[in-house]
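The values are calculated or read from the model by the stated rules, or taken from the named source; none is laboratory data. What you see is a predicted model; the values in this text were computed from it and never measured. No Cβ is skipped: glycine too gets one built from the backbone with ideal geometry, and neighbour counts run over all protein chains shown. Side chains included, ligands, DNA and RNA excluded: accessible areas come from the protein's heavy atoms. Shrake-Rupley method; radii C 1.70, N 1.55, O 1.52, S 1.80 Å.
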Amino acid sequence: MATAIYPGSFDPITNGHIDIVRRAHKLFSKLYIAIVANPNKNSLFTADERVEITMAALAEEGIHGLEVISYHGLLIDCAKLHGADAIVRGLRANSDFEYEFQMALTNRDLASEFESVFFMTAKRYSFLSSSVVKEVCMYGGDISNFVPRSVEEALKSKFLHTNR
Ligand code: PNS
């Protein structure tokens with residue numbers, strides 16, 4: 001079976017991402033979660049923190065046997081380095097489509113050997129995003145339905161120690 005790479009910002013990982021991970025994990029014999037570390041992304045957590053938070057969240061959810069990595073530069077270079085056959089992405093509402101289409105076609109232009117594979121989100125996560133989770137948490141709202149407990153704790157601790 002094929003190897004896949006699931007790239008993203010994961011700032012932080014949410015239950016929506018975890019749902020995609022669980023489903024992709026069933027289809028691909030080897031799955032990497034690849035966390036982008038490019039400095040032009042204005043992330044709340046550093047790449048190392050996001051790797052740590054993601055690993056803790058997967059352990060909490062009982063998901064084992066996949067690797068969490070971070071990468072700089074182009075996704076396709078990371079995919080080549082890890083011998084991936086496919087790039088996994090989740091699709092939520094219609095609004096994701098154009099961005100994902102552009103990214104998939106760009107990646108195919110750059111390296112046609114990788115197939116982009118899309119997983120439709122579970123209905124209950126269709127409007128869930130890391131940005132929404134961060135905003136709700138920043139203003140003291142309840143995010144326990146959106147992220148695992150370890151992620152909730154990491155967010156609360158981050159907001160306690162920053163001026164955001
Ligand atoms: O979770 P995100 O922010 O929607 O993920 C986007 C990501 C990180 C997958 C994408 O921006 C990416 O791969 N960036 C690395 C640079 C790159 O390869 N760009 C060309 C593809 S458009």
Mean shadow area (nm²) of the C-alpha convex hull around the chain is 9.3
The answer for residue 84, listing residues at least 5 apart or on another chain whose modeled amide H is closer than 5 Å to its amide H, is none
Residues whose modelled amide H sits under 5 Å from the amide H of residue 71, counting only those 5 or more places away in sequence or on another chain, are 35, 36, 37
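Order 7-15, 131-139 from most to least packed using the mean count of other Cβ atoms within 10 Å. Show your work: numbers first, answer last.
Numbers: 7-15: 22.8, 131-139: 15.8.
Highest-to-lowest ranking by the protection proxy: 7-15, 131-139.
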Cross-link reach from residue 158 to aspartates and glutamates, straight Cα distance under 20 Å and at least 8 residues apart if same chain, gives 11, 48, 49, 52, 60, 135, 142
For the chain, dividing by residue count, accessible area per residue (probe 1.4 Å) in Å² works out to 55
Ordering 49-55, 62-68 by per-residue average of other C-beta atoms within 10 angstrom, highest first, gives 49-55, 62-68
Rounded to the nearest 10, the angle in degrees between the Cα long axis of helix 47-60 and the longest principal axis of the Cα atoms of the chain comes to 80
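To the nearest 20 debye, what charge dipole does the chain have about its Cα centre, counting +1 at the Cβ of each Lys and Arg and -1 at the Cβ of each Asp and Glu? If you can, show how the numbers build up before the last one.
On the way: 17 positive and 20 negative charges, 57 e Å.
Using Cβ point charges on Lys, Arg, Asp and Glu, the chain gives about 280 debye.
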Nearest 10, in degrees from 0 to 90: the angle of helix 149-160 to the longest Cα principal axis of the chain is 60
Expressed as a percent, the accessible surface of the chain that is carbon or sulfur, using a 1.4 Å probe and the full set of protein chains, is 52
